[in-house]
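Everything on this sheet refers to the single structure shown next.
The values are calculated or read from the model by the stated rules, or taken from the named source; none is laboratory data. Not measured: the values here are computed from a predicted model. Using ideal geometry, Cβ is built from the backbone for each residue, glycine included, and neighbour counts are taken over all protein chains shown. All accessible areas refer to the heavy atoms of the entire protein, side chains included, with ligands and DNA or RNA removed. Shrake-Rupley method; radii C 1.70, N 1.55, O 1.52, S 1.80 Å.
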Amino acid sequence: MKNLLTSVALIVLATSAFAADPAPADLRASALEIFKALPSTTPAVANNPITPDKISLGKALFFDPRISASGVFSCNSCHNLATGGDDNLETSIGHGWQKGPRNAPTALNAVFNVAQFWDGRAEDLKAQAKGPVQAGVEMANTPVQVVATLKSMPQYVEWFTAAFPGEADPVTFDNFAKAIEAFEATLITPAPFDAFLNGDDAAMTADQQKGLALFIDKGCSTCHAGTNVGGEGYFPFGLIEKPGADVLPEKDKGRFAVTNTADDSYVFRAAPLRNVALTAPYFHSGKVWDLKQAVGVMGTAQLGEELKEDEVDLIVAFLGSLTGKMPEVTYPVLPAETDATPRPSGEVIAK
């Protein structure tokens, strides 16, 4: 009986080993043609030299809720660095507890995106930083009020002067945005995937490597490529089969609102997938909370294929290798208000 059980066990193991094909030997070479590992230093950004003083200032501004009209919401409110760089809500809650129209993308590694926001309407992180401040459903503030708030606090004036030396009037809305961009450029999360790309065979598990091979073979990497495993181009959501209105709301036509071009209807920037296991819910609508379900939706919508359960599991395993080491961020002590600091207002201005 013992010999019989041993024989059965060996047959099962042999069958399992045969079914689970090993990852291709040239997997790393194939991956390096499509993806790029994160750099080991803070990347440079256009027209904004990054300095320690600028990073420190940007960090304070990122966490300061007084940038919002109500004094309640900071950049970190919707891009919480403790929860994957987003707010883990379907769509963000802003000024007057209004609900925004789209899911908040992660701020982590955002410096590697070709443009910012789901529709790419901001060309870089400087432009992105200005948007939520002025959006009525987010911070509901104005550039003039932001500058008045910052100038009312002597410590901020000193920090701006150090971060932008030689400028006669360093406390400006443009410099506010440049400082936040400098800080956000430091929010990089090296992951096991990067170690694998850099030559460490043991950095990814066997299933993660098989998932990577499948991710490439199925065509997922056509849209989700580059340093951020996405974020580099614009593609129709529903390329092969349009998802239902619960996942793809009919009133949100994506990039069409930016270009007013019919071909851009329901076109969105490909989501960057680094740390995707931490950033549920998914898609611009935030309607899908399960990563396996999200992968399944992408299979039918973008590839025209209903992925098998084991294929989904392997792709999800690969996506887990994109979860990186979070940057160590100490909550900053912010400058004290003065009598000249504008008072907060929760008034919601009707459109």
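Springs join every pair of Cα atoms under 10 Å in this Gaussian network model of the chain, and among Lys151, Lys59, Lys251 the largest mean-square fluctuation is at Lys251. Build a GNM of the chain with springs between Cα atoms under 10 Å apart, and of Asp264, Asp86, Asp201 the one that fluctuates most is Asp201. Normalised by 2.2 N^0.38 Å, with N the number of residues, the alpha-carbon radius of gyration of segment 108-172 equals 1.32.
The mean sequence distance of close C-alpha pairs (under 8 Å, at least 6 residues apart), as a share of the length of segment 72-147, puts its relative contact order at 24 percent. Give me the percent of DSSP beta bridges within the chain that run antiparallel, rounded to the nearest 5. Taking every DSSP beta bridge within the chain, about 80 percent pair in antiparallel fashion.
Angle of helix 125-134 to the longest C-alpha principal axis of the chain, folded into 0 to 90 degrees and rounded to 10: 60°. Thinking of segment 276-329 as a set of Cα atoms, what percent of all their pairs are more than 16 Å apart? When every Cα pair of segment 276-329 is considered, 46 percent fall beyond 16 Å. Dividing the alpha-carbon radius of gyration of segment 174-228 by the rule-of-thumb value 2.2 N^0.38 Å gives 1.58. Computed over the chain with a Gaussian network model linking Cα atoms closer than 10 Å, the most mobile of Leu248, Leu334, Leu187 is Leu334.
Of Met298, Ile34, Ile180, which is farthest along the charge dipole of the chain in the positive direction, counting Lys and Arg as +1 and Asp and Glu as -1 at C-beta? Most positive-ward Cα: Ile180. Using C-alpha pairs under 8 Å with a sequence gap of at least 6, the mean separation divided by the residue count of segment 100-204 gives a relative contact order of 28 percent. Considering helices alone, the calculated mean residue ellipticity of the chain at 222 nm is -10000 deg cm²/dmol, with DSSP H runs of length four and up weighted by -39500 (n - 2.57) and normalised per residue. The Cα-based radius of gyration of segment 311-351, divided by its Kirkwood radius, gives an Rg/Rh of 1.38.
If only the Cβ of Lys and Arg carry +1 and only the Cβ of Asp and Glu carry -1, the dipole of the chain around its Cα centre is close to 400 debye.
For segment 157-199, the C-alpha radius of gyration divided by 2.2 N^0.38 Å, with N the number of residues, is 1.80. Any idea what % of Cα-Cα pairs in the chain are farther than 31 Å? Looking at the chain, the distances longer than 31 Å represent 40 percent of pairs. Look at the alpha carbon pairs under 8 Å that are at least 6 residues apart: their mean separation over the length of segment 37-190 gives a relative contact order of 31 percent.
Taking a ≥ b ≥ c as the square roots of the eigenvalues of the Cα gyration tensor, segment 197-272 is prolate, since a/c reaches 1.5 or more and a/b is larger than b/c. Length gained on full extension, Asp339 to Asp263: 22.1 nm, using 0.36 nm per residue less the C-alpha separation. Sequence-ordered 3J(HN,Hα) estimates for segment 197-205 from the Karplus curve with 6.51, -1.76 and 1.60 and θ = phi - 60° stand at 4, 8, x, 8, 5, 8, 5, 10, 5 Hz, glycine and proline given as x. Ratio of Rg to Rh for segment 227-351, alpha carbon only, Kirkwood? Here the Rg-to-Rh quotient is 1.12. Backbone phi angles across segment 99-112, fed through the Karplus curve with coefficients 6.51, -1.76 and 1.60 (θ = phi - 60°), yield HN-Hα couplings of 9, x, x, 9, 5, 6, x, 6, 7, 5, 6, 5, 4, 8 Hz in residue order; Gly and Pro are listed as x. Annotation: per residue accessible area for the chain equals 49 Å², rounded to a whole number [probe 1.4 Å, protein chains only]. Which of rounded, prolate or oblate describes segment 166-310 when judged by the alpha-carbon gyration tensor and an a/c cut-off of 1.5? Cα axes put segment 166-310 in the oblate bin. Working note: Cα gyration tensor of segment 96-231, eigenvalues times five, square-rooted, sorted largest first, giving semi-axes of 38, 19, 12 Å. The length gained on full extension between Glu123 and Ala206, counted as 0.36 nm times the residue separation minus their Cα-Cα distance, comes to 26.1 nm. With R₀ fixed at 51 Å, the C-beta to C-beta distance from Val147 to Lys308 puts the FRET efficiency at about 0.35. Rolling a 1.4 Å probe over the protein chains gives Ile216 an accessible area of about 40 Å². Which shape class, rounded, prolate or oblate, goes with segment 22-99 when its Cα gyration tensor gives a ≥ b ≥ c as root eigenvalues, a/c under 1.5 marks rounded, and past that a/b bigger than b/c marks prolate? Verdict is oblate for segment 22-99. Taking amide hydrogens as placed 1.01 Å from N in the peptide plane, the amide H of Asn80 sits under 5 Å from those of Gly85, Asp86, Asp87, each at least 5 positions away in sequence or on another chain. Taking 1 over the mean of 1/r across every pair of different Cα atoms in segment 74-133, what Kirkwood radius in Å do you get? After inverting the pairwise mean of 1/r, the radius is 11.8 Å.
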